Amino acid sequence: MSFKNNVIRNSVQRALQIFLSIQLLAIAGYAQEQQFAALGDFKLGSDQVIRDCRVGYRTFGQLNHDKSNAVVFPTWASGTSEQLKSNIGSGKLIDSEKYFVIAIDALANGVSSSPSNSRLQPRMSFPQFNLRDDVETQHKLLTEILKLNHVKAVVGVSMGGMQTFQWMVAYPDFMDKAIPIVGSPRLDTYDLLLWQAQIDAIMNDRDWNNGNYKQNPSRVVQFEFGELLLTTPDHYNREVTREQLFDRLRKELSNAGFDANDKIRQAQAMMALDVSQPFNGSMERAARAVKAAVFIVVAQRDHVVTPAPALEFARLLHAPTLVLEGDCGHLAPSCEWQKVNPAVALFLN
């Protein structure tokens with residue numbers, strides 16, 4: 001009788017292991033391939049609705065049996081989960097041999113629901129949203145589609161770092177750790193001026209036509225903004241020759257570029273970011289709401305996301321920081337990856 005019971009018990013345990021393995025494979029999906037979560041009509045914080053909302057994502061690595069190794073990796077401005085792939089893997093920013101990495105496409109990036117791809121709300125009829133709405137779509141994806149109620153960490157770069165700040169105050173119990181890299185809890189005035197200038201350049205372009213353009217407006221000017229601001233004069237003068245500069249400008253004339261309506265909606269979302277808003281404008285109260293362990297990375301010479309707001313939030317949290325002091329500006333995380341990647345890996349452990 002004991003032998004029979006052991007056989008039955010072992011068979012049940014084996015069946016359970018197989019079932020759990022199948023479930024984990026289902027959650028992992030097809031690693032690195034573009035996937036979509038259909039969220040239906042998604043209500044924004046403004047009470048407007050994104051019709052037939054879809055969120056793109058990719059997964060890397062394997063979710064372990066107790067679901068304790070998931071890391072959320074939201075995209076930067078104009079970026080896609082495809083572009084995040086170069087930051088995922090052994091020795092890279094997030095090690096997919098240790099962690100189950102979920103790279104999530106932000107709204108209006110041309111992959112997730114966007115002005116450029118919405119059938120029901122095309123172009124400027126696509127509602128204005130903010131980064132809290134982005135986080136809400138991601139939370140819905142994680143909890144309802146991937147069946148994750150807690151993650152190891154949220155890690156993001158640039159606008160992904162802004163989303164990370166939003167995550168840590170909106171869902172303080174959802175993650176163990178949060179690592180915003182060259183992000184901000186609220187854009188400073190210089191940052192706001194940058195994004196408003198880019199919006200103005202698009203809307204004042206002769207091809208704009210209230211968003212109903214035939215060719216993407218302000219393509220070369222948007223490229224010039226990036227060249228001017230993503231790095232520093234010292235770095236740019238050292239890395240780019242006069243011939244290369246004018247060759248790049250000529251090529252931009254035939255480059256379709258990132259969709260202008262998408263850019264406007266993402267810029268507006270970043271400009272609206274303020275993690276203190278639910279706390280009557282108090283960053284101190286917002287910081288007290290954070291429960292995750294936080295590690296903040298900034299670039300001292302960043303002209304896209306100036307570092308002061310992130311450093312002040314780090315001070316309120318008593319959180320460790322890594323200040324990148326090179327001359328790469330906003331591109332410092334990639335220029336100084338030999339500092340950033342090991343520091344992130346150590347903090348995630």
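The values are calculated or read from the model by the stated rules, or taken from the named source; none is laboratory data. Keep in mind that this is a model prediction, so the values were computed, not measured. Using ideal geometry, Cβ is built from the backbone for each residue, glycine included, and neighbour counts are taken over all protein chains shown. Surface areas here come from the heavy atoms of the whole protein model, side chains and all, with no ligands, DNA or RNA. Shrake-Rupley method; radii C 1.70, N 1.55, O 1.52, S 1.80 Å.
What number in nm² do you get for region 100-155 if you take the convex hull of its Cα atoms and divide its surface by four? Could the numbers behind the result be given before it?
Values: hull surface 17.6 nm².
The orientation-averaged projected area of the Cα hull of region 100-155 comes to 4.4 nm².
Think of it this way: in the chain, CYS53 stand alone, with no other Cys Cβ under 4.7 Å. In the assembled protein chains, HIS303 presents an accessible area of approximately 60 Å² (probe radius 1.4 Å).
Write down the accessible area per residue of region 72-169 in Å², having rolled a 1.4 Å probe over the full set of protein chains.
Details: 2930 Å² over 98 residues.
Ligands and nucleic acids excluded, the result is 30 Å² per residue.
Tell me, what is the percent relative contact order of the chain, built from C-alpha pairs under 8 Å that lie six or more residues apart?
Details: 658 pairs, mean separation 58.8, N = 349.
17 percent.
Of the listed residues PHE36, PHE246, the order by accessible area with a 1.4 Å probe, largest first, is PHE246, PHE36. Counted without the sites themselves, the longest stretch of the chain free of GluC sites (Glu not before Pro) in a DSSP loop having at most 12 other beta carbon atoms within 10 Å is 98-324. Length available on full extension from ASP188 to VAL221: 0.36 nm per residue minus the Cα-Cα distance, which gives 9.6 nm. Please list, by residue number, everything in region 243-286 whose backbone N is under 14 Å from a paramagnetic label point 7 Å out along Cα→Cβ of ARG315. Hits in region 243-286 for ARG315 at 14 Å: 283-284.
By a 1.4 Å probe calculation restricted to protein chains, TYR236 has an accessible surface near 40 Å², given to the nearest 10.
Considering only protein heavy atoms and a 1.4 Å probe, what is the carbon-and-sulfur percentage of the accessible area of region 118-265? About 50 percent, which is the carbon plus sulfur part of the accessible surface. Label-to-label distance, ASP176 versus SER282, with points set 7 angstrom from Cα along the beta-carbon direction: 3.1 nm.
Rounded, prolate or oblate: which fits region 197-349 when a ≥ b ≥ c are the square roots of the eigenvalues of the alpha-carbon gyration tensor, with rounded for a/c under 1.5 and prolate only if a/b beats b/c? Since a/c reaches 1.5 but b/c is at least a/b, the shape of region 197-349 is classed as oblate. Dipole orientation for the chain: of the candidates SER125, PRO309, ALA299, SER125 has the Cα lying most toward the positive pole (charges on Cβ; Lys, Arg +1; Asp, Glu -1).
Toward the positive end of the charge dipole of region 85-151, with +1 on the Cβ of Lys and Arg and -1 on the Cβ of Asp and Glu, the farthest Cα among VAL151, GLN138, LEU107 is that of LEU107.
For ASP41, the accessible surface of its heavy atoms amounts to roughly 90 Å² (probe 1.4 Å, protein chains only, rounded to the nearest 10).
Pairs exceeding a 19 Å alpha-carbon distance, out of LYS85/LYS291; LYS67/LYS147; LYS98/LYS152; LYS67/LYS92: LYS85/LYS291; LYS67/LYS92. Excluding residues fewer than 8 places away in the same chain, name every one of the lysines whose C-alpha is closer than 25 Å to that of LYS251. Within the straight-line limit of under 25 Å, LYS251 reaches these lysines: LYS214, LYS263.
Hey, got the dipole for region 165-219? About the Cα centre, +1 on K and R Cβ, -1 on D and E Cβ, debye to the nearest 20? Walk me through the intermediate numbers first.
Working: 5 positive and 7 negative charges, 44 e Å.
The dipole of region 165-219 has a size of about 220 debye.
Shape class for region 194-251, computed from the alpha carbon gyration tensor (a ≥ b ≥ c): oblate, with a/c not under 1.5 and a/b at or below b/c.
Restriction of the trypsin sites (Lys or Arg not before Pro) in region 161-235 to DSSP coil positions whose beta-carbon has at most 10 other beta-carbons within 10 angstrom yields ARG206, LYS214.
Using a simple spin-label model with pseudo-atoms 7 Å out from Cα toward Cβ, GLN268 and GLN244 lie 3.7 nm apart.
Working note: 222 nm ellipticity from helices only, DSSP H runs with n ≥ 4, each -39,500 (n - 2.57), summed and divided by the residues of the chain, gives -12500 deg cm²/dmol to the nearest 500. For the chain, the residue among LEU324, SER86, ILE264 whose Cα projects farthest onto the positive side of the dipole built from Cβ charges is SER86.
Can you tell me the length gained on complete extension of the stretch ALA289 to ASN237, counting 0.36 nm per residue apart and subtracting the Cα distance?
Values: separation 52, 0.36 × 52 = 18.72 nm, distance 4.36 nm.
Fully extending the segment from ALA289 to ASN237 adds 14.4 nm.
So between SER254 and HIS65, what do we pick up on full extension, going 0.36 nm a residue minus the alpha carbon distance? Let's see the in-between values first.
On the way: separation 189, 0.36 × 189 = 68.04 nm, distance 4.96 nm.
Between SER254 and HIS65, full extension yields 63.1 nm more.
Ranking LEU324, LEU230 by solvent-accessible area of protein heavy atoms (1.4 Å probe, all protein chains present), from largest to smallest, gives LEU230, LEU324.
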